[in-house]
Every structure is written in C-alpha cells, then in structure tokens.
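As structure tokens, the structure follows; a few thoughts come after it.
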Amino acid sequence: NSAYIHFLMGDLDGAERAFRRSTEISPNFSSNHRMLGRILLQRGQKQAALAEMEAEPPPYTDLGLAIAYDALGRRSAADAALARAAQATERTGIYGELNIALAYAARNDRDRAFAWLERAVIARDLNLGHELRYDPMFDALRTDVRYARLLREMKLSKPVR
C-alpha cells in the first residue's frame, strides 16, 4: 500500500523502492511488476517497462502488456492484449473496469476510457476515487468536461498536487 501511495503522490523513487521490496518479499504478488513497468514508462524507459510487464504473473499480464506495447508503438499487439483484458473483465471481473479505463486513458482513447469509468462507477470500484483523482494515467482525461462531471457525480474534489 505504501508503494502505491508513493506512486499516486508522484514520488516515483519511493514507489519504485517499495514495489521492488514488495517483489523481494513476494515475487508473484499481482501488480508489483505492472506498477514497476508504469513507473519506468513515466521515466521514458519503454523497453525496461515492457520487461517488467512481461514479468507480471498470470492472469494479470495482459493489462500491463497492453500499456507497454502501446507506448512502444506496437499497436496491434497492444490492441490484442487490451481486448483479452477487457474480455476477461467482462467475463470474470478479473482486471476490473477501472484498470481497463486506465489502459484506454494511457493510449488517449478518451471515449473508451470514460465508458469504462462509467462502468467502474456502476460496479462501485473501491479504488475509483483516489485513482481517478491522482493516477497519472488519467492526466490525459483531466481537461475533458466529462472528467469534471464524473468528479461532481461522485462528490469528489479536483486533485491537489
């Protein structure tokens, strides 16, 4: 949890240290490698990010791969990974609507990102409030009028940074 709080607050160094420590303690804990990959992407280290995303244990691999492949310009591979993740979410809820919205936001597909965010609201995703407000992947959505409307509907204030 502290790793994720560091990440959401923009402390990439602190987040990386904490996620790496978590990986040492529990190598197969879901999201550690994906979050390390996201940190590396924010630093512009796309190949290193892909390596982390590939290390994410199943069944959570596709979400990170979709984001990394897209950052590397490998659109067809990104599309395939994201389609698998979206289908898995629709069938089993495994990734969660919020995470699918994040992947669409990362590729700046605002319409699909907002459609999945609406689904996350309906599903009452536990992480929606803090991720919507602070996750850097949603930065691309923050200038869209739908973002402000969604915050108002959820009775959330704009993020403070």
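Tabulated data
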| quantity | calculated |
| --- | --- |
| Count - residues of the range 50-60 that are surrounded by 19 or more Cβ atoms within 10 Å (Cβ to Cβ), of a type in the set (A, V, I, L, M, F, W, C) and either within 14 Å of residue 31 (Cβ to Cβ) or touching a residue at least 60 places away in the same chain (Cβ under 8 Å) (or both) | 1 |
| Complete set of residues in the range 139-149 that are modelled with pLDDT under 95 and of a type in the set (A, V, I, L, M, F, W, C) | 140, 148 |
| Residue 63 vs. criteria buried (at least 16 other Cβ atoms within 10 Å of the Cβ), under 23 Å from residue 130 (Cα atoms) and either without any contact (Cβ under 8 Å) to a residue 12 or more places away in the chain or touching an Asp or Glu at 6+ places or on another chain (Cβ under 9 Å) (or both) | yes |
| Failed item in (1) crowded, with 21+ Cβ neighbours inside 10 Å; (2) over 20 Å from residue 108 (Cβ atoms), with residue 11 passing the rest | (1) |
| Close pairs (7 angstrom Cβ cut-off, 6 or more residues apart or separate chains): under 17 Å from residue 152 (Cα atoms) in the range 99-122, not aliphatic (A, V, I, L, M) anywhere | 114/146; 119/97; 120/97 |
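Matching residues to (1) within 22 Å of residue 44 (Cβ to Cβ); (2) open to solvent by less than 70 Å² (accessible area, probe 1.4 Å):
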position: 101; (1), (2): no, yes
position: 105; (1), (2): yes, yes
position: 109; (1), (2): yes, yes
position: 120; (1), (2): no, yes
position: 123; (1), (2): no, yes
position: 136; (1), (2): yes, yes
position: 140; (1), (2): yes, yes
position: 149; (1), (2): no, no
position: 159; (1), (2): no, yes
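The values are calculated or read from the model by the stated rules, or taken from the named source; none is laboratory data. This structure is a prediction, so every number in the text was calculated from the model and none was measured. Here Cβ is always computed from backbone atoms with ideal geometry, including for glycine, and neighbour counts include all displayed protein chains. Please note that ligands, DNA and RNA were not included when accessible areas were found on the heavy atoms of the full protein model with its side chains. Shrake-Rupley method; radii C 1.70, N 1.55, O 1.52, S 1.80 Å.
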